[in-house]
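Asker: Sending over a structure as structure tokens; questions will come in a sec.
The values are calculated or read from the model by the stated rules, or taken from the named source; none is laboratory data. Worth saying up front: this structure is predicted, and the values here are computed from it rather than measured. Backbone-built Cβ (ideal geometry, glycine too); neighbour counts: all protein chains shown. The protein model used for the area step is the full one, side chains on, heavy atoms only, and it has no ligands, DNA or RNA in it. Shrake-Rupley method; radii C 1.70, N 1.55, O 1.52, S 1.80 Å.
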Amino acid sequence: MLIKIDDLRGPEVAQILTEHLDDMYAVSPPESVHALDLEKLRQPEITFWSVWDGNQLAGCGAIKELDATHAEIKSMRTANAYRGKGVAVKLMEHILSVAAERKYHRLSLETGPQEFFLPARKLYERFGFEYCGPFGDYQEDPYSAFMTKVLV
């Protein structure tokens, strides 16, 4: 599998992000959905990666720099055909490697507490993320679970 920085212009990426947003709105009220659309993911403080298996998009993920020492994981998604095949693990390893190269001290994320998000929470726990309170501009929300990992 190839992980590459993506410009978010390909139809495959648009499709996987549409599926991601559709799922988020299906399980959370609109005011509690913090997933970003294509345009918001093109901001300069965000690095977006796509994961490819040949010419098939297997997944995606991003980090958003909050400040010089703290970044947030965004838009983690595995294509349905690749669930359970290690895509998210490879991408998480890549993101953690980039975070270390950039000398971030902390990596945080927001996900959901609902059953739908259990596989994601288990993945983050496996990589040493711990539950925490809101960070950045987030507020307490019954539809949000916040996690963080100290890197240094």
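Asker: Can you confirm whether the stretch 98-115 contains a residue that is β-branched (Val, Ile, Thr), modelled with pLDDT of 95 or more, in a strand (DSSP E or B) and in contact with a Leu (Cβ under 6 Å, 6 or more places away or on another chain)? Can you show your working first?
Answerer: Residues of the stretch 98-115 that are β-branched (Val, Ile, Thr), as a first pass: 98, 111.
Next, from what is left, pick out any that are modelled with pLDDT of 95 or more: 98, 111.
Then drop every residue that is not in a strand (DSSP E or B), which leaves 111.
Now restrict to residues that are in contact with a Leu (Cβ under 6 Å, 6 or more places away or on another chain): none.
Taking every residue of the stretch 98-115 in turn, none turns out to be β-branched (Val, Ile, Thr), modelled with pLDDT of 95 or more, in a strand (DSSP E or B) and in contact with a Leu (Cβ under 6 Å, 6 or more places away or on another chain).
Asker: Same structure again: Is there a residue in the stretch 120-137 that is on the phi > 0 side of the Ramachandran plot, open to solvent by less than 90 Å² (accessible area, probe 1.4 Å) and part of a loop (DSSP other than H, G, I, E, B)?
Answerer: The answer is yes; a qualifying residue exists.
Asker: If I ask for residues that are open to solvent by less than 30 Å² (accessible area, probe 1.4 Å) and not hydroxyl-bearing (Ser, Thr, Tyr), which ones from the stretch 45-69 would you list? I'd like the intermediate steps shown before the answer.
Answerer: Filtering the stretch 45-69 for residues open to solvent by less than 30 Å² (accessible area, probe 1.4 Å) gives 46-51, 57-63.
Scanning the stretch 45-69 gives Ile46, Phe48, Trp49, Val51, Leu57, Ala58, Gly59, Cys60, Gly61, Ala62, Ile63.
Asker: Another question, then. Which pairs turn up if I take residues in the stretch 69-93 that are touching a residue at least 40 places away in the same chain (Cβ under 8 Å) and look for partners that are part of a loop (DSSP other than H, G, I, E, B) and crowded, with 20+ Cβ neighbours inside 10 Å with beta carbon separation below 8 Å, at least 6 apart in sequence or on another chain?
Answerer: His70/Tyr104
Asker: Kindly provide the set of residues from the stretch 20-33 that are closer than 21 Å to Thr47 by Cβ and either open to solvent by 50 Å² or more (accessible area, probe 1.4 Å) or not aliphatic (A, V, I, L, M) (or both), ordered by number.
Answerer: His20 - this is the single residue of the stretch 20-33 that is closer than 21 Å to Thr47 by Cβ and either open to solvent by 50 Å² or more (accessible area, probe 1.4 Å) or not aliphatic (A, V, I, L, M) (or both).
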